[in-house]
Amino acid sequence: MKLDEQEEKLLRSVALQNAQAVLLARERAERALLDSNERITNILESISDAFVVLDRDWRFTYVNPQAEHIVRPLHRSSADLLGTNFWEGFPDFVGTPLEKNFRRAAAEKVKVEFEIFYPPLNSWFHVRAYPGRDGLSIYFLDITTQKQAGEAVRESVERLHAMFNQAAVGISIALLDGRFVEINQKVSTFWVIPSTN
């Protein structure tokens with residue numbers, strides 16, 4: 001059966017319309033994918049924590065600006081890190097609790113959370129690593145200031161306690177109901193304090 005000229009034109013027109021519809025659908029899908037990727041990138045880059053993603057071979061696949069800011073004193077940039085192996089880029093982490101935790105998260109598919117001191121940056125970090133289908137998502141926050149403040153408070157309490165115990169006079173601390181909470185050595189040499197038990 002032979003198609004006449006008019007039927008051929010109609011078939012070509014329908015084929016052209018179908019091709020245009022397919023191209024338009026593909027264009028829309030590509031635009032939607034680009035928009036989605038842009039939204040995800042904007043979200044990741046607005047996170048206040050430093051954030052990196054490692055693939056199953058421990059290679060960096062994403063480094064947000066906050067993470068890049070933290071490694072800048074090590075003369076590293078996100079461009080330097082992307083595609084490189086974490087253990088080769090940071091060999092000083094091999095054999096540390098960080099390696100143990102990261103490998104556990106990857107092997108057991110569990111979230112890990114821990115604190116670690118990193119000597120090259122003279123900084124403390126709170127680290128959270130989340131396993132995924134393609135590797136690990138890692139958030140880390142510099143907590144050096146909080147650690148230093150905690151240490152200063154601890155030292156201050158120790159000094160105060162030492163001054164309390166070494167005072168030349170007797171000092172006692174009591175509750176409103178008269179029960180003693182703490183006494184120093186001078187008080188205990190003069191009084192026999194009954195036990196509250």
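Any idea which of GLY132, TRP87, THR144 is furthest toward the positive side of the dipole for the chain, if Lys and Arg beta-carbons carry +1 and Asp and Glu beta-carbons -1?
THR144
Spelling out what I want: for every residue of the range 51-63, take phi, set θ = phi - 60°, compute 6.51 cos²θ - 1.76 cosθ + 1.60 (Karplus), and round to whole Hz; glycine and proline get x.
Along the range 51-63, the couplings run 9, 9, 10, 10, 7, 5, 9, 6, 8, 5, 10, 7, 9 Hz.
Please report the net charge: other residues with Cβ closer than 15 Å to the Cβ of LYS147, K and R +1, D and E -1.
Numbers: positive: ARG154; negative: GLU115, ASP142, GLU151, GLU155.
In short, -3.
Put a dot 7 Å past each Cα toward the Cβ at GLU158 and LYS111; how far apart are the dots in nm?
3.4 nm
Counting only other residues whose beta carbon sits under 15 Å from that of ASN101, what net charge do I get with K and R as +1, D and E as -1? Could the numbers behind the result be given before it?
On the way: positive: LYS100, ARG103, ARG104, LYS109, LYS111, ARG128; negative: GLU99, GLU108, GLU113, GLU115.
Charge balance in the 15 Å sphere: +2.
Give, to the nearest whole percent, the P(r) tail of the range 87-146 beyond 20 angstrom, counting all Cα pairs.
Numbers: 409 of 1770 pairs.
That fraction is 23 percent.
Could you pull the Cα extents of the chain along its three principal axes, largest to smallest, in whole Å?
Projected onto its principal axes, the Cα set of the chain covers 124, 43, 30 Å.
Counting alpha carbon pairs within less than 8 Å and at least 6 residues apart, what relative contact order, in whole percent, applies to the chain?
Values: 214 pairs, mean separation 24.9, N = 197.
Once divided by the residue count of the chain, the mean separation gives 13 percent.
Each reported figure results from applying straightforward, stated rules to the coordinates on display, with no laboratory input. Note that the structure is predicted; figures quoted are calculated from it, not measured. Positions of Cβ are generated from backbone atoms using ideal geometry, with glycine treated the same way; all protein chains shown enter the neighbour counts.
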